[in-house]
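Just so it is clear, none of the values below were taken in a lab; they were calculated from the coordinates. Here the structure is a predicted model, which is why all the values come from computation and not from measurement. No Cβ is skipped: glycine too gets one built from the backbone with ideal geometry, and neighbour counts run over all protein chains shown.
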Amino acid sequence: MSGATLRSWLLDPAPASRRQARLGRWYRSWRSLSRNGLAMAGLAIVLALVAIAIAAPLLADPAAATQQFLPARLQFFSRAHPFGTDELGRDIFARIVFGARITLTIVALVSVIVVPVGLGIGLPAGYFGGAVDAVLMRITDIFLAFPRLVLALAFAAALGPGIENAVVAIALTAWPPYARLARAETLTRRDAEFVQAAVLQGASHARILLSQIVPLCLSSVLIRLTLDMAGIIITAAGLGFLGLGTQPPAPEWGAMVASGRQVLLDQWWVATIPGAAIFITSVGFNLLGDGLRDVADSRAA
């Protein structure tokens with residue numbers, strides 16, 4: 001099938017199958033996203049981060065990221081050390097590259113936790129209403145009453161340092177917005193005709209929620225997740241900065257900023273390079289999330 005034929009098939013206003021309709025909808029969304037220059041820049045940053053994390057052993061020596069070499073400490077940019085070295089002689093470029101793996105691991109693990117938890121609380125609250133809604137939403141409000149970073153610090157301090165505990169602490173503070181969003185989406189759809197038709201066919205409440213409502217909520221939830229990834233990264237870096245996240249000698253970006261603050265005035269690159277990595281990655285996810293939100297809004301319109 002040629003490119004023109006495939007494009008015509010995807011844009012057919014009267015698709016012949018559910019598969020054609022789904023692929024056509026994705027293609028239209030991609031065309032709308034590709035017209036947004038800032039969104040494409042964000043996508044490029046995110047894809048570059050993923051590529052760097054996957055190809056980390058090919059880009060840098062793992063030993064240079066963790067092993068100390070004091071004679072080479074605090075060196076400026078050079079051919080051997082493109083981003084210089086830190087206070088223990090470790091190559092900052094290698095630590096940035098391998099730190100991308102830690103950052104993506106935290107983001108992925110938090111995402112896997114918060115989306116099911118948010119949906120598991122928001123969907124029943126919106127679908128059943130009444131006492132169920134009141135209890136679940138008051139629990140959500142309790143978590144929303146505290147600043148996310150402060151609450152994450154409290155959980156991390158109680159659980160102890162480490163990447164697993166940091167993921168749990170961040171996830172415990174990140175799920176409430178997804179519960180509120182899932183509840184709002186469910187409230188607008190629980191009385192829809194297709195839901196009433198499923199009820200008349202004898203479908204259980206669980207089946208209605210999973211097969212009828214969840215697919216309609218996922219797009220909004222995923223867009224919110226993309227926008228929240230910058231906050232997740234910054235929170236993880238904050239925990240690492242305070243020594244409550246990934247522990248040395250693992251090359252976590254927040255911990256790298258913390259170790260470089262003591263020499264910030266004279267050897268600025270030790271803290272500035274990982275700080276720039278956090279900033280660029282956060283901007284990339286924000287730009288991509290904004291673009292996805294614009295696509296969803298245009299489809300809704």
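Annotations for the structure displayed:
- Across the chain, the relative contact order, built from alpha-carbon pairs under 8 Å that are at least six residues apart, equals 23 percent.
- Tilt relative to the chain, helix 92-128 - C-alpha long axis, 0 to 90 degrees, to 10: 30 degrees
- Length gained on full extension, Glu164 to Trp268, computed as 0.36 nm times the residue gap minus the Cα-Cα distance: 34.4 nm.
- Furthest towards positive pole of dipole, Gly289, Gly162, Pro62, structure part the chain, Cβ charges: Gly289
- Using alpha-carbon coordinates, inclination of helix 148-159 to the longest axis of the chain, degrees: 70 degrees
- Helix content alone sets the calculated 222 nm mean residue ellipticity of the chain: runs of n ≥ 4 DSSP H residues at -39500 (n - 2.57) each, divided across all residues, give -24000 deg cm²/dmol.
- Angle in degrees between helix 176-189 and the longest Cα principal axis of the chain, rounded to the nearest 10: 20 degrees
- Within-14-Å neighbourhood charge of Phe241 [Cβ basis; K, R +1; D, E -1]: 0
- Point-charge dipole on Cβ atoms (K/R +1, D/E -1) for the range 116-256, about Cα centre, debye to 20: 180 debye
- In nm, spacing of pseudo-spin labels at Phe143 and Ala108 (7 Å Cα→C-beta vector): 2.3 nm
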